[in-house]
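Step one of this worksheet: look at the structure below.
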Amino acid sequence: MNGSEIFGAWVAVFLTLGIFSYLYKDNPFYKIAEHVFVGVSAGYWMAMAFWTQVQPNLFGRLWPTPDGEISGFLMKAWYGIYNIFGFIVPSVFPNGGINKGHGHDPNFIYLLPFALGIMMLMSVASKLSWLARLGIAYTVGMAAGLRAYAFLNSNVLGQIKGTAVSFVDIPFFSLTGVSVFNNLIILVGTITGLLYFYFSKEHSGHFGKVTRVGIYFLMISFGASFGFAVMGRISLLIGRFTDLISYGTETYNYASIWVLLLMIVLLAIWTFKGDKKAVN
Amino acid sequence: MDKFLDFIVRAGSLDRRVIFVVIALVVIIPLFFPLGLPIRATNSSQAVYDVVEELKAGDKALVSFEYGPSTKPEIHPMTVALLRHLFQKDVKVYITCLWPDGQFMALEALEQVADNQYHKVYGEDYVLLGYRPGAEAIIKGLVSNIRKVFTVDSRGDFLDDIPMMVGVNQVADFDFLFSASAGYPGTVEWVQYAADPTGVTMSTGTTSIQVNEVMPYVQSGQIVGILGGMPGAAEYESLIGQPGIGTSGMDAQSVAHVVIVAFIIFGNISFYVERRRSKKY
């Protein structure tokens with residue numbers, strides 16, 4: 001086990017216990033862990049997006065490594081701009097173009113997303129913030145168009161097909177597989193659940209009784225969701241405890257134990273001082 | 001009787017921190033002293049196992065990692081178990097990541113299973129294409145032309161130089177699709193943009209909280225089987241006969257569930273007793 005791994009374990013223990021300390025009450029350890037988490041996440045996502053998408057797939061298409069000598073005034077000017085960028089940030093714009101398998105000719109259509117991306121960044125400048133709307137409008141329009149068909153196909157048609165269940169050539173009852181009884185539950189649950197969200201008619205009389213059945217189905221569904229949520233949270237807790245236990249061994253210089261003890265002592269002092277201040 | 005009811009009402013207003021400590025204890029103790037409770041595979045886990053079992057040596061499986069450290073305890077055990085099953089059957093494994101941290105989860109799982117356990121060769125038996133931001137746009141790109149999205153893999157090697165990428169151009173070229181998903185983008189997007197349009201058999205492993213959202217797709221046959229959270233992973237581990245992290249966590253999971261259910265019942269009794277008393281006086 002090298003030093004950096006041990007140090008990493010100590011940091012992980014501190015951050016884990018820092019987050020857990022909120023269960024006692026809001027405190028400086030929790031605040032440190034929370035801020036570190038938000039900052040590191042934002043930085044990490046940004047760096048990953050830049051180096052896996054913007055640099056190879058955008059700049060790599062705009063300035064690919066040319067095949068031989070650059071000829072023509074426009075191309076020389078285009079790669080002249082690249083060389084200026086390369087002088088400023090050589091790690092992003094390496095000498096001779098970006099070779100990421102996008103061919104050897106610049107693909108100028110990618111100037112469009114480049115421009116839209118820059119426009120979105122303009123939202124930080126109050127006078128030019130209106131430009132950001134163009135980028136956002138494009139993204140929203142593209143996403144809506146992309147999703148419309150997929151939703152219709154998978155969530156509407158696919159689900160209707162899934163609800164159109166069979167009542168023939170299957171056993172009447174089965175605890176584990178398809179059966180008339182199970183399919184009846186699917187049919188009744190779907191219809192009554194959908195009717196509950198039909199608000200053009202007052203939920204009273206026979207209609208009210210049917211929608212009441214729909215509510216029961218919804219409540220069972222919410223109960224199942226709650227159960228799964230609890231199960232998920234316990235799984236995550238087990239994961240953290242498993243790590244804390246392994247970091248509490250001699251290999252990691254008993255990181256969990258030392259950090260826990262230190263945190264308890266400091267929290268006790270912090271609480272005691274806080275109480276004293278409140279009294280004064 | 002009144003004293004007992006007084007106790008129940010008082011216990012109902014227990015400091016929440018006491019409950020936290022109790023939960024912590026019931027999770028930690030079984031981790032040190034395992035109970036060895038039996039694990040029985042559910043139909044949905046069995047369906048995932050069966051569909052992988054039907055794959056032949058040389059078939060191609062696309063596995064997508066859409067989770068990170070925050071959901072690792074739930075998803076990672078199942079991806080490790082699934083990779084074990086796939087490599088055991090000599091299936092070619094292609095890995096994509098729609099989450100940035102998914103790449104590191106994939107690297108960890110591959111090191112453990114492909115390199116250390118099955119001694120598979122990178123580029124011939126498995127390939128890590130890596131992460132690309134863009135969510136459903138990436139899936140749509142993979143469906144039309146993989147090389148539009150990935151020109152190089154996670155190591156920076158050109159796809160055309162990787163032996164197992166020969167003849168693999170789009171999602172339709174795969175025999176099996178598996179999404180290890182902890183949210184958006186994840187299973188739902190793979191169903192909508194890849195599995196449904198191409199008809200490639202798809203299974204999934206999700207966090208527990210996602211099970212209710214994904215189950216309708218399983219019920220309608222759009223997804224074949226689902227591994228739900230840590231229990232799903234434990235069931236899959238028991239099906240392939242290789243107990244792992246999922247199995248070791250199930251005792252703590254089960255005991256914690258019993259305690260939580262007991263707390264809920266107790267809380268409700270306390271609530272009803274208190275309400276009856278307040279009506280009385």
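The values are calculated or read from the model by the stated rules, or taken from the named source; none is laboratory data. Note that this is a predicted model, so its numbers are computed, not measured. Cβ placement follows ideal geometry from the backbone for every residue including glycine, while neighbour counts extend to all protein chains displayed.
Structure above, values below:
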| quantity | calculated |
| --- | --- |
| All positions within segment A:147-177 that are of a type in the set (Val, Ile, Thr) and more than 10 Å from every other protein chain (Cβ to nearest Cβ) | A:VAL156, A:VAL168, A:ILE170 |
| Unique residue being in contact with a Ser or Thr (Cβ under 9 Å, 6 or more places away or on another chain) and under 26 Å from A:LEU23 (Cα atoms) when the list is B:ILE8, B:ILE19, B:ILE23 | B:ILE8 |
| Selected residue (criterion: surrounded by the fewest Cβ atoms within 10 Å (Cβ to Cβ)) from residues of segment B:203-222 that are within 7 Å of another protein chain (Cβ to nearest Cβ) and under 20 Å from B:PRO73 (Cβ atoms) | B:ASN212 |
| Candidate set from segment A:97-124 (those that are among the small types (Gly, Ala, Ser) and in a loop (DSSP other than H, G, I, E, B)); member that is surrounded by the fewest Cβ atoms within 10 Å (Cβ to Cβ) | A:GLY103 |
| Subset of segment A:96-122 [modelled with pLDDT under 90 and away from chain B (no Cβ under 12 Å)] | A:GLY96, A:GLY97, A:HIS104, A:ASP105 |
| Inter-residue pairs, beta-carbon under 8 Å, first within 17 Å of B:ILE146 (Cβ to Cβ) and in segment B:94-105, second surrounded by fewer than 22 Cβ atoms within 10 Å (Cβ to Cβ) and acidic (Asp, Glu), 6+ apart | none |
| Of the criteria (1) assigned to a loop (DSSP other than H, G, I, E, B); (2) facing chain A (nearest Cβ under 10 Å), which one B:ARG155 fails | (2) |
| Qualifying residue in segment A:89-96 (condition: touching a helix residue (DSSP H, G or I) at 6+ places or on another chain (Cβ under 9 Å), surrounded by 15 or more Cβ atoms within 10 Å (Cβ to Cβ) and touching a residue at least 24 places away in the same chain (Cβ under 8 Å)) | yes |
| Count of segment B:6-57 residues which are away from every other protein chain (no Cβ under 14 Å) and of a type outside the set (A, V, I, L, M, F, W, C) | 10 |
| Which listed residue, of B:GLY102, B:GLY134, is surrounded by fewer than 22 Cβ atoms within 10 Å (Cβ to Cβ), in the same structural domain as B:TYR49 (by TED's automatic domain parsing) and within 21 Å of A:GLN55 (Cα to Cα) | B:GLY134 |
| Number of positions in segment A:219-253 that are more than 7 Å from chain B (Cβ to nearest Cβ), surrounded by 15 or more Cβ atoms within 10 Å (Cβ to Cβ) and closer than 19 Å to B:ALA24 by Cβ | 6 |
